[in-house]
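The values are calculated or read from the model by the stated rules, or taken from the named source; none is laboratory data. Just so you know, these numbers come straight off a predicted model, no measurement behind them. Here the Cβ positions follow ideal geometry from the backbone for every residue, glycine too, while neighbour counts run over all protein chains shown. For accessibility, only protein heavy atoms count, side chains too; no ligands or nucleic acids. Shrake-Rupley method; radii C 1.70, N 1.55, O 1.52, S 1.80 Å.
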Amino acid sequence: MRGARCLAVLAAGLAVASLAWGHGPHDRPMVWAQVAGDMRELDEPVALRLAFADGSRRAVRVVAVGRAELVYLDRGGDRVQARWTDLTPASLVSAFPKLKDAAAVTTWLELGGWLSTMEGAQR
């Protein structure tokens, strides 16, 4: 029941937001203001395997997250910035709650907002 309520809140939030912010790529509702400059360094790196929209897969250690992007260390230890939309929808759904507060409703609304702008996120 708790999951159903969470999905209902997410759906209602997306419906209201799509009316307020117009349309994004591929004529999909734009429900997320892509804001940069709010990076938050993580206390400890989070090891993840990420799949990117270009078809590559990488084992990374995420060290910072923001509204529009994340920063990870590649195998050589270099810091690399990537936009949330650079990930595949499935990888975004898996990684986003691990890097943000999974108990917060805003995390799920943000995730839904990003997914609404991504190609192939209908499923």
Point-charge dipole on Cβ atoms (K/R +1, D/E -1) for the stretch 56-123, about Cα centre, debye to 20: 200
Per residue accessible area in Å² of the stretch 40-91, where ligands, DNA and RNA are left out and the probe is 1.4 Å: 57
Amide hydrogen neighbours beyond the local backbone of LEU87, cut-off 5 Å, H modeled: ALA53
Note, ³J(HN,Hα) from phi for the stretch 81-98, Karplus 6.51, -1.76, 1.60, rounded to Hz, x at Gly and Pro: 9, 9, 6, 4, 6, 6, 7, 6, x, 5, 5, 4, 4, 6, 7, 3, x, 6
Sequence ranges 100-111, 80-91, ranked by mean other-Cβ count within 10 angstrom, highest first: 80-91, 100-111
Gyration tensor over alpha-carbon atoms, the stretch 80-123, equivalent ellipsoid semi-axes in Å: 16, 13, 9
3J(HN,Hα) from dihedral phi, the stretch 50-64, Karplus parametrisation 6.51/-1.76/1.60, rounded to Hz, x for glycine, proline: 10, 9, 9, 4, 7, x, 7, 10, 9, 8, 10, 10, 6, 10, 7
Rounded, prolate or oblate (a/c below 1.5 giving rounded, otherwise prolate when a/b exceeds b/c) for the stretch 36-123 by Cα gyration tensor: oblate
Additional length obtainable on full extension of the chain from ASP86 to LEU42, 0.36 nm per residue less Cα span: 13.8 nm
Sequence-distant residues sharing a close amide H with LEU42 (under 5 Å, placed H): ALA64, VAL65
